[in-house]
Amino acid sequence: METIKDFHLFNTLSRSKELFVPISPGQVKLYTCGPTVYHYAHIGNLRTYVFEDLLVRALKLAGYSVLHVMNITDVGHLVSDGDDGEDKMEKGARREGKSAWDIAKFYTEAFFSDMDKLNIQRPQIIPKATEHIPEMIAMVEALEKKGFAYRTSDGIYYDTSKFPAYANFAKLDVENLEAGKRVAVGDKRSSTDFALWKFSTAGEQRQMEWNSPWGKGFPGWHIECSAMSMKYLGESFDLHCGGIDHIPVHHTNEIAQSEATTGKRFVNYWMHGEFLTEDAGKMSKSKGDTLTVSHLEKLGYHPMDYRFLLLQAHYRTNLTFHYEGLKAAQSGLNGILQRLREWKNEDEKAAVETPEMAAYRKRFTSAILDDLNSPQALADFFVMLKDAALSGAQRKKLAFEFDQVFGLRLEERAKEELLIPANVQAMALARDAARAAKNWAESDRLRNELLALGFRVDDTPKGTKVSKG
Ligand code: AMP
Ligand code: ZN
């Protein structure tokens, strides 16, 4: 077995940096909360997935093998994030005049396409909530048997007063949470109680509903993640992640219901990514006018420009999105590619190993394994690129090695894009996306724009090929 390096990470459970020790030596079991597929993911959502991708790559750098599960929420997430309001899927279906199933399929694929664009590695297991209803029902039955559940007029609820540690994870001040303030109380016993199973409303035809011991209905959003994570990773596993908004409700509820079901510690390490915000405030997928990766591409940015921007901020700091910042990231990344291209005739595979290279490698690894300090790792990377004591081949070798963690596609882009500026490449990609969506007007517009910029445009089986002259 490869030697494992020390990896310190910030655990939300203890609110401190801890040395990571998995349950099985050398193997990490990781669950990340996946998208609710009723709309395109906005670039804020994608910040969380890039952070989780960096985590997976860092775990591999430390020498671990990683079993990664990410769910698809295709039912049960209500617009309020709590227990009332419409199901986001049914809302999406109404908005687009399609079935909830078609909406789920379309936006799941759109999400995968965004993951690919941002070079986010695919988890090994991607379970859909709608395909795990029996597991969720079984868990609600177990909770009922143990006395943690009760029935109201609209569903089966979890009784948070039966779980004394409920407030600990989010350090909630439950006493002062006025009933009805945080979530509507209805005929719940307490404002923190949450739905495990919701009944279909009489006289209202839901598109997604299932029979259960309690009648027709659908699962609560929180039970989905508990049931699916434990099915694939076991009753206790190593790591669970999401955005910080998940701490006070979703993950608090997951812990309460999972630990009440099994009587065991659910997860040992929790990691949460800070938000990406806009100047105007919160970024929201439900507003409908949100920023997507495709939008950035249409403006001439490469998805890697956005990934590079994200890596410049630590995952636990809030990041405000500005186009000036993205532009600076684009030119910074282009500068790196330019440098790598200058060494195109240098063979990195033949680079001689030196103690200086080992020192750079060590610095890089310790930054990344210090709670994913990507800004520090990037700063060291820049110093390395400029270090004339190393040959081009040596610097290229280190750059491509570090990029296994950064995930900026440096090797591929340094080789492919000779003389073709990144914004032109981005336009070619945007044209491929337009063609895939059968948006011929947009595809023609981009073609004409490329021609006007003096590039040749050819259609190949691999997509749009731009070349000089
Ligand atoms: P959803 O599809 O709404 O369930 O959210 C998917 C993921 O995006 C979750 O892990 C959220 O915590 C995360 N998220 C939502 N908004 C933002 C944001 N503005 N910045 C970063 N992550 C976010
Ligand atoms: Zn979840």
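The values are calculated or read from the model by the stated rules, or taken from the named source; none is laboratory data. Computed from a predicted model, the values in this text were never measured in an experiment. Ideal geometry is used to build each Cβ from the backbone, glycine not excepted, and the neighbour counts take in all protein chains shown.
Among the residues of the range 65-78, is there at least one that is more than 16 Å from ligand 2 (Cβ to nearest atom) and of a type outside the set (A, V, I, L, M)?
Checking the range 65-78: at least one residue is more than 16 Å from ligand 2 (Cβ to nearest atom) and of a type outside the set (A, V, I, L, M).
Quick test for you: out of Ser443, Ser391, pick the one residue that is farther than 18 Å from Gly300 by Cβ and of a type in the set (Ser, Thr, Tyr).
Going through Ser443, Ser391 in turn, the sole match is Ser391.
Out of the range 220-243, which residues are away from ligand 1 (no atom under 15 Å from the Cβ), out of contact with any Pro (no Cβ under 7 Å at 6 or more places or on another chain) and assigned to a strand (DSSP E or B)?
Once the filter is applied, which keeps residues that are away from ligand 1 (no atom under 15 Å from the Cβ), out of contact with any Pro (no Cβ under 7 Å at 6 or more places or on another chain) and assigned to a strand (DSSP E or B), the range 220-243 yields only Phe237.
When you look at Ala426, is it at pLDDT below 95 and under 29 Å from His314 (Cα atoms), yes or no?
Considered against the rule, which asks whether it is at pLDDT below 95 and under 29 Å from His314 (Cα atoms), Ala426 comes out as yes.
In the list Arg47, Arg95, which residue meets the criterion of being surrounded by fewer than 18 Cβ atoms within 10 Å (Cβ to Cβ) and either more than 15 Å from ligand 2 (Cβ to nearest atom) or among the polar types (S, T, N, Q) (or both)?
Arg95
Mind checking which pairs have a first residue in the range 424-436 that is more than 13 Å from Pro303 (Cβ to Cβ) and a second that is part of a helix (DSSP H, G or I) and among the small types (Gly, Ala, Ser), Cβ under 8 Å, 6 or more apart or different chains?
Qualifying pairs under 8 Å: Arg431/Ser443; Ala434/Ser443; Arg435/Ser443.
Quick one: what pairs do we get from the range 145-172, first residue farther than 30 Å from Ser16 by Cα, second of a type in the set (Phe, Trp, Tyr) and not in a strand (DSSP E or B), C-beta under 9 Å, 6+ apart or different chains?
Listed pairs, sorted by first residue: Phe148/Phe163; Arg151/Trp214; Gly155/Trp214; Ile156/Trp214.
Against the condition out of contact with any Lys or Arg (no Cβ under 6 Å at 6 or more places or on another chain), modelled with pLDDT of 95 or more, small (Gly, Ala, Ser) and more than 12 Å from ligand 2 (Cβ to nearest atom), how does Ala260 come out, does it pass?
Yes, satisfied.
May I ask you to list pairs of residues, at least six apart or on different chains, whose Cβ atoms are under 7 Å apart, with the first in the range 20-45 being farther than 24 Å from Leu61 by Cβ and among the β-branched types (Val, Ile, Thr) and the second being within 15 Å of ligand 2 (Cβ to nearest atom) and modelled with pLDDT under 95?
The qualifying pairs are Thr36/His77; Thr36/Lys88; Val37/Asp74.
Only one residue in Ala138, Ala184, Ala179 is closer than 19 Å to Gly76 by Cβ, at pLDDT below 90 and surrounded by fewer than 17 Cβ atoms within 10 Å (Cβ to Cβ), so which one is that?
Ala184
Report, by residue number, each residue of the range 216-251 that is crowded, with 24+ Cβ neighbours inside 10 Å, over 19 Å from the mean Cα position of the chain (by Cα) and within 13 Å of ligand 2 (Cβ to nearest atom).
Pro219, Gly220, Ile223, Ala227, listed by residue number.
Of all residues in the range 27-61, which are in contact with a Phe, Trp or Tyr (Cβ under 7 Å, 6 or more places away or on another chain), within 9 Å of ligand 1 (Cβ to nearest atom) and not aromatic (Phe, Trp, Tyr)?
If the condition is that a residue be in contact with a Phe, Trp or Tyr (Cβ under 7 Å, 6 or more places away or on another chain), within 9 Å of ligand 1 (Cβ to nearest atom) and not aromatic (Phe, Trp, Tyr), then Pro35, Val37, His39, Ala41, Ile43, Gly44 are the ones that fit.
Condition test on Lys298, is it more than 16 Å from ligand 2 (Cβ to nearest atom), closer than 20 Å to Cys33 by Cα, basic (Lys, Arg) and modelled with pLDDT under 95?
no
Which count do you get for residues in the range 111-134 that are surrounded by fewer than 18 Cβ atoms within 10 Å (Cβ to Cβ) and assigned to a helix (DSSP H, G or I)?
So the count comes out to 5.
Residues in the range 17-44 that are closer than 30 Å to Ser99 by Cα and within 16 Å of ligand 2 (Cβ to nearest atom): how many?
Total satisfying the criteria: 9.
Please go through the range 146-162 and give me each residue that is of a type in the set (Gly, Ala, Ser) and either in contact with a Leu (Cβ under 8 Å, 6 or more places away or on another chain) or assigned to a strand (DSSP E or B) (or both), ordered by number.
Within the range 146-162, Ala149, Gly155 qualify.
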